[in-house]
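J.: Pasting a structure here, questions to come.
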Amino acid sequence: MQPLLLLFLPLAFFNLRLSSAAADPINQSLVQCFSKSMTAGEASSIIYSKNNPSYTSVLRAYIRNARFNTSSTPKPLLIITPKDESHVSAAVTCAQKLGFRLKIRSGGHDYEGLSYVFDEPFFILDMFNLRSITVDMADESAWVGAGSTLGELYYNIWKNSKVHGFPAGVCPTVGIGGHISGAGYGTMIRKYGLSVDYVVDAKLVDVNGRILDRKAMGEDLFWAIRGGGAASFGVVLAYKVKLVPVPEKVTVFRVERYLTENATDITLKWQSVAPTTDDELFMRMLVQPVTRNKKKTVRITVIALYLGDSDSLVSLLNKDFPELGIVKEICNETSWIDSVLWWANYDLGTQPTTLLDRDLNDANFLKRKSDYVQTPIPKKGLESLWKKMVELGKVGLVFNSYGGRMKRVKSDATPFPHRAGNLFKIQYSVSWEQPGDEAVKNFTTQAKLLHEFMTPFVSKNPRSAYLNYRDIDVGSTKTWSYEEGKVYGQSYFNGNYDRLVDVKTAVDPKNFFRLTPCFSHTRCFFGLHQEYF
């Protein structure tokens with residue numbers, strides 16, 4: 001009886017999927033449309049309707065912001081989970097034929113929920129199955145599926161070489177598709193620049209369902225999808241990236257200081273040293289309001305990666321940054337892959353296989369914003385900032401140093417323009433655990449107030465922001481006119497905005513890849529980036 005049972009269970013599940021499709025006319029119509037390029041059974045196996053018992057778990061798996069995981073959050077009519085490139089082509093073609101918007105999700109680290117929330121009936125195209133990674137050490141490159149995570153890419157590089165890496169983000173569960181399409185950066189930004197600076201080819205499904213590589217799509221579209229928000233132009237299937245050399249031994253350290261421990265002077269000096277020191281050194285600074293000895297204060301934390309040994313690092317910082325007081329005893333020499341795990345808050349010595357954990361259904365309530373600093377914040381400005389942060393109580397800042405290669409790449413080399421002239425980027429960060437509208441209003445208001453307070457100290461005309469830290473406070477549009485989009489498009493892309501508009505108009509003239517209707521008869525600004533990460 002056991003073999004018969006094993007045969008019966010898959011058949012029963014298959015019949016359940018078919019009955020689910022039959023009970024949902026939209027599902028049935030999509031399956032019928034898909035059947036032109038695949039069997040009905042194959043189509044049913046990748047489509048989840050609200051009637052499907054797995055619908056909720058599939059939807060929630062990659063929601064990383066609990067603000068958009070409530071009963072009142074708009075839900076997709078269907079979730080499409082392609083397992084083959086042809087499935088993506090069919091999804092793009094059939095969604096248009098049926099008259100539904102298609103949202104593209106490649107990882108779920110989406111600060112504003114734009115990859116899985118919409119105010120019109122919509123489908124989600126969830127790319128998590130397209131996670132193939134092929135590393136070619138002869139070419140020092142890798143083809144990476146858009147549904148892969150950074151951790152999976154790092155692990156596969158490590159499996160093939162102990163002296164290669166890739167310049168991308170510190171969180172292993174971030175999805176490749178969104179991270180790269182919005183520029184992508186990490187701890188090697190000063191040495192190597194951005195993730196998009198190492199993209200040499202790509203495969204994309206355009207609005208007509210065609211699968212295009214770099215040669216077929218042309219250089220304008222290839223330029224646009226490397227930092228301009230690829231989901232505005234099509235569906236990226238995979239990127240080909242060049243790997244970068246890393247030494248066998250790197251050094252990391254973490255130093256904490258409070259206001260009573262010279263934190264203000266350290267922060268003042270960090271602003272001039274972190275963007276100008278040796279390109280091998282990246283120093284991130286966390287600034288957090290905390291309570292110490294029952295008193296509210298501010299703590300700074302300097303976290304660093306140095307592409308070299310600890311002796312060289314200590315010598316460098318004793319010369320450039322003696323205020324920090326770095327000694328060899330607090331430095332950890334390790335491999336590059338171990339440094340990746342350490343930056344992701346794992347203990348040194350953690351097995352690299354940990355990078356393959358997608359950590360599904362992990363979501364806090366959160367709000368993020370961003371800014372760029374082009375001139376150092378003076379001491380009095382820092383002191384006023386500490387006071388404001390303590391007053392607000394919850395919002396922290398992340399300072400990410402620029403300089404190095406970032407100032408040597410032209411601002412129009414990719415859509416990402418924030419290169420030379422920027423000392424560091426600020427991320428405003430607040431997370432909380434309490435559900436409910438009151439908590440959302442409280443903490444998002446704190447973030448907005450601190451952002452407003454920082455106005456005198458950050459970039460101007462435009463006040464710039466980072467696309468991968470999507471923030472709808474920067475601006476949104478009702479009609480998708482060129483002028484509406486320009487209000488915030490220039491914040492993300494500065495002088496590259498107009499070229500992105502021209503590419504969008506050429507490759508998607510009916511503006512299928514968007515959030516809301518476009519009523520401009522001449523130039524549609526590309527839709528908000530839908531894939532984060």
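The values are calculated or read from the model by the stated rules, or taken from the named source; none is laboratory data. From a predicted model like this one, the values you see are computed outputs, not experimental measurements. Here the Cβ is made from the backbone with ideal geometry for all residues, glycine too, and neighbour counts use every protein chain on show. We work out accessible area using only protein heavy atoms, side chains counted, and drop any ligands, DNA or RNA first. Shrake-Rupley method; radii C 1.70, N 1.55, O 1.52, S 1.80 Å.
J.: Taking every DSSP beta bridge that has both residues in the chain, what percent is antiparallel when rounded to the nearest 5?
T.: Bridges in the chain that DSSP calls antiparallel: roughly 90 percent.
J.: Please give me, ordered by residue number, the GluC sites (Glu not before Pro) of the stretch 382-438 that lie in loop per DSSP and have at most 13 other Cβ atoms within 10 Å. If you can, show how the numbers build up before the last one.
T.: Values: sites: Glu383, Glu391, Glu433, Glu438; in loops: Glu433.
The qualifying sites are Glu433.
J.: I've got another one for you. Taking only protein heavy atoms and a 1.4 Å probe, what accessible area per residue, in Å², does the chain have with all protein chains in place?
T.: 40
J.: Test of the criteria: in the stretch 439-490, which trypsin sites (Lys or Arg not before Pro) are in a DSSP loop and have at most 12 other Cβ atoms within 10 angstrom of their Cβ?
T.: Lys460, Lys478
J.: Under the rule of -39500 (n - 2.57) per DSSP H run of 4 or more residues, summed and divided by the residues of the chain, what mean residue ellipticity at 222 nm is obtained, to the nearest 500 deg cm²/dmol?
T.: Calculated from helices alone, the mean residue ellipticity at 222 nm is -9500 deg cm²/dmol.
J.: Another question, if that's okay. Pairing the Cα long axis of helix 263-273 with the longest principal axis of the chain, what angle in degrees results, from 0 to 90 and rounded to the nearest 10?
T.: With rounding to tens, the tilt is 70 degrees.
J.: Strictly over 32 Å apart at the Cα level, which of Lys269/Lys460; Lys448/Lys510; Lys380/Lys448 would you flag in this model? Display every interim value, and only then the final one.
T.: Details: Lys269/Lys460 23 Å; Lys448/Lys510 35 Å; Lys380/Lys448 22 Å.
Over 32 Å Cα-Cα: Lys448/Lys510.
J.: With the Cα gyration tensor of the chain giving a ≥ b ≥ c as the square roots of its eigenvalues, does the rule (a/c under 1.5 for rounded; else a/b larger than b/c for prolate; else oblate) give rounded, prolate or oblate? Kindly include the intermediate steps, with their values, before the conclusion.
T.: Working: a/c = 1.67, a/b = 1.53, b/c = 1.09.
Taking the square roots of the gyration eigenvalues as a ≥ b ≥ c, the chain is prolate.
J.: Continuing with the same structure: Helix 2-23: angle to the longest alpha-carbon principal axis of the chain, degrees 0 to 90, nearest 10?
T.: The two axes meet at around 90 degrees.
J.: Work out how far the C-alpha atoms of the stretch 396-492 reach from end to end along every principal axis, then list the three figures in whole Å, largest first.
T.: Between the extreme Cα coordinates on each principal axis of the stretch 396-492 lie 46, 35, 23 Å.
J.: So if we plug the beta-carbon distance of Thr134 and Ile330 into 1/(1 + (r/R0)^6) with R0 = 45 Å, what FRET efficiency do we get, rounded to 0.05? Spell out each step's value before the answer.
T.: Details: r = 39 Å, r/R0 = 0.88.
Efficiency, from the Cβ-Cβ distance: 0.70.
J.: Of the heavy-atom accessible surface of the stretch 289-338 (probe 1.4 angstrom), what whole percent is carbon and sulfur?
T.: For the stretch 289-338, the apolar C and S fraction of the accessible surface comes to 44 percent.
J.: Restricting to DSSP loop positions (anything but H, G, I, E, B) with no more than 15 other Cβ atoms inside 10 Å of their own Cβ, which trypsin sites (Lys or Arg not before Pro) remain in the stretch 126-227?
T.: Listed in order of number, the matching sites are Lys162, Arg210.
J.: Quick one: which of Lys191/Lys249; Lys328/Lys425; Lys83/Lys504; Lys191/Lys328; Lys203/Lys367 span more than 25 angstrom between C-alpha atoms?
T.: Beyond 25 Å between Cα atoms: Lys328/Lys425; Lys83/Lys504; Lys203/Lys367.
J.: Regarding the stretch 274-392, what's the average projected area of the Cα-atom convex hull, expressed in nm²?
T.: 10.5
J.: So between Phe453 and Tyr258, what do we pick up on full extension, going 0.36 nm a residue minus the alpha carbon distance? The partial results should precede the final answer.
T.: Values: separation 195, 0.36 × 195 = 70.20 nm, distance 2.18 nm.
Roughly 68.0 nm would be gained on extension.
J.: A further question follows. Is there a quick way to get the dipole size of the chain? I mean about its Cα centre, with the Cβ of Lys and Arg at +1 and of Asp and Glu at -1; what is the value in debye to the nearest 20?
T.: 1060
J.: Another one. After finding the eigenvalues of the alpha carbon gyration tensor for the stretch 55-149, what semi-axes result from the square roots of 5 times each, listed largest first in whole Å?
T.: 26, 18, 10
J.: Helix 379-392: angle to the longest alpha-carbon principal axis of the chain, degrees 0 to 90, nearest 10?
T.: For helix 379-392, the angle is close to 50 degrees.
J.: Right, something else. Explain nothing, just the number: relative contact order of the chain, from Cα pairs under 8 Å at least 6 residues apart, as a whole percent.
T.: The normalised contact order for the chain reaches 16 percent.
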